[in-house]
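A quick write-up on the structure given underneath.
The values are calculated or read from the model by the stated rules, or taken from the named source; none is laboratory data. What you see is a predicted model; the values in this text were computed from it and never measured. Every residue, glycine among them, receives a Cβ derived from its backbone with ideal geometry; neighbour counts consider all protein chains shown. For the accessible areas, the whole protein counts, side chains as well, though only heavy atoms, and no ligand, DNA or RNA atoms are used. Shrake-Rupley method; radii C 1.70, N 1.55, O 1.52, S 1.80 Å.
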Amino acid sequence: MAAAPDLLFGLRNNFYLGAYQAAINSGDVQNLSEEDAIERDCLIYRSYIALGSYQLVVNEVDSSAATPLQAVKLLALYLLSTDNKETVISSIREWLNDAAVGNNPILRLIAGIIFMHEQDYNEALKYTNVGGTMELTALNVQIFLKMHRSDYAEKQLRIMQQIDEDHTLTQLATAWLNLAVGGSKIQEAYLIFQDFSEKYQMTSLILNGKAVCCIHMGNFDEAESFLLEALNKDAKDPETLANLVVCSLHLGKPSSRFLSQLKLSHPEHMLIKRSSTAEESFDRAIQTI
């Protein structure tokens, strides 16, 4: 007997590859089971979050919604304002300790995302490390790479490859790992992003992937062209702006405008924090002269 068609494949794939508006537009899927309908709504609301529409999600998900949707709402609240951080983290810990809902995979995924934002990677792994879904395992790969543990990331990737080697998340995770390992693996990562760009809608995520590979290979002019194309798609995308700063410095071009845009739209970005720390250290050094 043939397997039932995966009605959410297109929506899911758009979300994974950063085609967030396309994911929202493809959300009108009929004849879904209750579980699939909740997954669809989670993906649509997470797409709105990725587009910065946090308040929309907060307004639309009410207290009677299912646990996964409540978890997505917590992510929107967390990103909406730094004032919400403590309340959100307290709520998510409370839910994770509730035997009735604590093992929900979307709740564990959102917990992992929030603690990864907090750079509390060990806390994130408490909830994601057991895996159970492709997204959780892919998040584990990202967390281990943030911890500079490509050996552990590779073990997680092997789990994904055993489940589905051709899955979009498996291919993405392979590219992330290849970028972290470097050397000849950079070219392999580039080919993955190139394959995505030939098969699917071009997105900032795919363009940034290609650009980062080019930066690693020293092809800064090519990287810049990909990043400027990505900037046309989303002028506030933090990774595009951060990569343009790096690329411009290598090309000997002014980078201050991209840095200012990043500072205005994403003041919590790692590059802004590093830049501020460097400026403070410089100011202290000047004062001691």
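Some points to look at:
- Selection of helices (runs of 4 or more DSSP H) fully inside region 1-110 by the criterion of at least 1 residues being among the hydroxyl-bearing types (S, T, Y) and open to solvent by less than 40 Å² (accessible area, probe 1.4 Å) returns 9-16, 34-50, 67-80, 85-96.
Table: residues versus (1) modelled with pLDDT of 85 or more; (2) polar (S, T, N, Q); (3) in contact with a Pro (Cβ under 8 Å, 6 or more places away or on another chain); (4) closer than 18 Å to F193 by Cα.
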site	(1), (2), (3), (4)
E224	yes, no, no, yes
A235	yes, no, no, no
L241	yes, no, no, no
L249	yes, no, no, no
E268	no, no, no, no
S276	no, yes, no, no
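- Of all residues in region 190-228 being charged (D, E, K, R) and touching a residue at least 24 places away in the same chain (Cβ under 8 Å), the one that is least open to solvent (accessible area, probe 1.4 Å): E224
- Inter-residue pairs, beta-carbon under 7 Å, first assigned to a loop (DSSP other than H, G, I, E, B) and in region 117-133, second open to solvent by 50 Å² or more (accessible area, probe 1.4 Å), 6+ apart: G131/I159; G132/P105; T133/P105
- Residue in region 250-260 that is touching a helix residue (DSSP H, G or I) at 6+ places or on another chain (Cβ under 6 Å), farther than 24 Å from K155 by Cβ, crowded, with 16+ Cβ neighbours inside 10 Å and in contact (Cβ under 8 Å) with a residue 12 or more places away in the chain present: yes
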